[in-house]
Amino acid sequence: MSEFTSEVSAKEMLEAMEAQQNDANRKFVSKFWSPKKEGVTKIRFISPLSSFNEKLYYLPYKVHYIGGRPFQCLSQTMVDKNGVLHEAEECPACAKARKLFKIANKDKTSEEWKLALSIAAKERYVSRIVVRGLEDEEGHPCEPKAQFYEYGGKIYEIFLGALRLGECGEFYSLKNGRDFNLSKTGSGRNTDYSGSQLSMNSTPIFTDAASINQLKENLKSMDYKQLIEFNTADEIKAALDEM
């Protein structure tokens, strides 16, 4: 029976398990800024960049959340971070969601319906922003820089409504745009941004030359395409099987 005698102590086993768990947690690191606390955070959306031939101040895409991780929906045609055009194809996550919705038979209280909703493709948008009053861990002001911010339909609809009304002008303008009061309540799936709104005042994004030049330099490396990475259909199937 000596071959079943462990030479690993309980302490060593615990350390190995914790190291493995930490490695697993590090596999996914978000590329996006997000407000850490509840309350209002002032941010400034940045205008489309002519250097990237843009007409929109955002990039739209569809994403699945599987096991807490995002997967680009395979049913969309987009250029990825390597400059490769991904042609739309059958998406395993979409197929699984459709199957679960069919099994649920419109019963929104069923586990199948809830699971289908959780993995179904979500419309998401990503913009470049500057966070106002950003501080480091010690409470000191941070140098202003652009960051990527991903958001959903509620915030998108606020901007769409502002453009349709035509009363807020070019709110994304760096010279005479408006800050956005991002109001966060709740956390996780219960996070609510419906109280967010554009500022009443028009202001330049910065007034000092140093900050403006730093922002321009920062934006040179912020092509949206760097955020787009497609997993294979087999990788998405494997993630679905692990749920």
### Task
Filter segment 154-170 down to residues that are modelled with pLDDT of 90 or more and touching a Ser or Thr at 6+ places or on another chain (Cβ under 8 Å), then give me how many there are.
3
### Task
Select from segment 125-159 the residues that are part of a strand (DSSP E or B) and of a type in the set (Lys, Arg) and list them in ascending order.
Arg128
### Query
Can you pull out the residues in segment 116-159 that are in contact (Cβ under 8 Å) with a residue 60 or more places away in the chain and more than 27 Å from Phe206 (Cβ to Cβ)?
Ile119, Lys122, Glu123, Arg124
### Query
Considering only residues of segment 177-212 that are farther than 28 Å from Tyr65 by Cβ, of a type outside the set (A, V, I, L, M, F, W, C) and modelled with pLDDT of 90 or more, which is most open to solvent (accessible area, probe 1.4 Å)?
Asn201
### Task
Hey, can you tell me all the residues within segment 213-234 that are outside any loop (DSSP other than H, G, I, E, B) and without any contact (Cβ under 8 Å) to a residue 12 or more places away in the chain?
Asn213, Lys216, Glu217, Asp234
### Message
Being free of Cβ contacts under 8 Å to residues at least 12 places away in the same chain and either of a type in the set (Gly, Ala, Ser) or assigned to a strand (DSSP E or B) (or both) is the filter here; which residues of segment 160-186 pass it?
### Response
Gly161, Gly166
### Of the criteria (1) surrounded by 13 or more Cβ atoms within 10 Å (Cβ to Cβ); (2) touching a residue at least 40 places away in the same chain (Cβ under 8 Å), which one Gly83 fails
(1)
### Query
Looking at (1) in contact (Cβ under 8 Å) with a residue 24 or more places away in the chain; (2) over 30 Å from Asp241 (Cα atoms), which is the only condition Ser50 fails?
(1)
### Task
For segment 67-77, indicate whether the set of residues that are small (Gly, Ala, Ser) and open to solvent by less than 50 Å² (accessible area, probe 1.4 Å) is non-empty.
yes
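The values are calculated or read from the model by the stated rules, or taken from the named source; none is laboratory data. What you see is a predicted model; the values in this text were computed from it and never measured. Positions of Cβ are generated from backbone atoms using ideal geometry, with glycine treated the same way; all protein chains shown enter the neighbour counts. Note: accessible area is taken over every heavy atom of the protein model, side chains too, but ligands, DNA and RNA are not part of it. Shrake-Rupley method; radii C 1.70, N 1.55, O 1.52, S 1.80 Å.
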